[in-house]
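Below is one structure, written out as structure tokens; the observations come after it.
The values are calculated or read from the model by the stated rules, or taken from the named source; none is laboratory data. Fair warning: this is a prediction, and the values are worked out from it, not measured in the lab. With ideal geometry, Cβ positions are generated from the backbone for all residues, glycine too; neighbour counts draw on all protein chains shown.
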């Protein structure tokens with residue numbers, strides 16, 4: 001079972017960090033949208049003959065303009081998957097589509113629009129992989145999930161809505177993609193391992209968020225140069241079976257006394273930067289918090305170092321733990337690194 005309290009507290013962190021709404025659950029479906037009004041709705045997976053999660057329906061719609069729409073059947077495993085998948089809703093056949101290398105079958109354009117509206121009105125979907133018995137997926141909650149998409153994309157009452165259809169023209173306009181100018185200079189700031197020890201000695205057991213708690217075992221700290229002046233110190237805050245949380249501090253000129261909580265990253269008492277990874281080439285810091293060990297739910301985030309602080313690059317999240325890989329988590333926020341100037 002997922003640690004529900006862990007995800008709930010992390011969701012509160014995300015609400016503070018991102019300008020969009022949190023994921024919502026409706027019956028068997030989870031749905032969410034990002035800052036560009038691009039939305040994803042995911043149905044609870046079907047089960048194979050052994051009772052393991054096997055396939056799931058995913059509906060994606062872009063914000064603004066015509067709002068490109070896709071309906072997919074995704075696979076929980078990518079091994080040995082070939083052939084086609086046929087999809088029907090309450091007995092209405094929507095044909096078969098070939099699987100790609102990841103075992104995904106995709107409907108687009110007009111067929112996808114008709115299919116999505118049928119999912120919203122239907123009771124069950126029948127998913128039939130080529131040469132295998134059909135599997136049944138409940139559509140309980142699909143209508144509410146897709147109605148949520150209409151509302152978040154400002155399409156409710158228009159001819160382009162999926163559920164809340166009307167006669168108005170589709171005049172929705174998606175926000176522009178934010179660009180982040182990351183630091184691109186040398187990363188030569190002092191980064192001796194002793195900086196982490198100095199921070200722990202400085203704060204002692206009074207270190208915020210219990211990072212200095214001796215019951216957590218030996219520390220798994222990291223000291224990383226961010227630019228020519230600033231150093232990132234990640235102090236581990238306990239060690240779980242599959243999550244290693246840390247609190248990030250930025251130090252100036254190698255002086256432990258200048259330490260401040262990493263600017264631009266919301267860090268709470270129980271959730272910091274989880275399973276951290278730093279790409280020295282791009283200056284991107286990533287966090288990947290797993291709801292359980294197989295990483296079929298949780299929260300992933302990334303930030304870019306700008307020279308003065310960390311700017312949010314991405315958030316993806318899935319609350320329901322049902323075998324769906326992180327490749328299909330719902331994007332909550334997205335930005336892009338500004339291209340390097342041509343020299």
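Select the strands (runs of 3 or more DSSP E) contained entirely in region 228-282, then report the ones holding at least 1 residues which are more than 30 Å from residue 340 (Cβ to Cβ).
Here the list reads 230-236, 245-252.
Does residue 256 satisfy being more than 20 Å from residue 196 (Cβ to Cβ), modelled with pLDDT under 95 and in contact with a helix residue (DSSP H, G or I) (Cβ under 6 Å, 6 or more places away or on another chain)?
no
So which residues in region 320-343 are surrounded by 16 or more Cβ atoms within 10 Å (Cβ to Cβ) and over 10 Å from the mean Cα position of the chain (by Cα), if there are any at all?
320, 321, 322, 323, 324, 325, 335, 337
Just one of 144, 112 is under 18 Å from residue 72 (Cβ atoms), assigned by TED's automatic domain parsing to the domain that holds residue 44 and modelled with pLDDT of 95 or more; which is it?
Just one listed residue meets the conditions, 112.
Being part of a loop (DSSP other than H, G, I, E, B) and at pLDDT 95 or above is the filter here; which residues of region 283-296 pass it?
Within region 283-296, just 283 meets the criteria.
Being outside any strand (DSSP E or B) and on the phi > 0 side of the Ramachandran plot is the filter here; which residues of region 93-128 pass it?
Correct list: 103, 109.
From 146, 162, which residue is outside any loop (DSSP other than H, G, I, E, B), in contact (Cβ under 8 Å) with a residue 40 or more places away in the chain, touching a helix residue (DSSP H, G or I) at 6+ places or on another chain (Cβ under 6 Å) and surrounded by 14 or more Cβ atoms within 10 Å (Cβ to Cβ)?
Values: 162 fails: outside any loop (DSSP other than H, G, I, E, B).
Testing whether each residue is outside any loop (DSSP other than H, G, I, E, B), in contact (Cβ under 8 Å) with a residue 40 or more places away in the chain, touching a helix residue (DSSP H, G or I) at 6+ places or on another chain (Cβ under 6 Å) and surrounded by 14 or more Cβ atoms within 10 Å (Cβ to Cβ) leaves just 146.
Go through region 129-143 and report how many residues are crowded, with 17+ Cβ neighbours inside 10 Å and touching a strand residue (DSSP E or B) at 6+ places or on another chain (Cβ under 7 Å).
Residues in region 129-143 being crowded, with 17+ Cβ neighbours inside 10 Å and touching a strand residue (DSSP E or B) at 6+ places or on another chain (Cβ under 7 Å): 6 in total.
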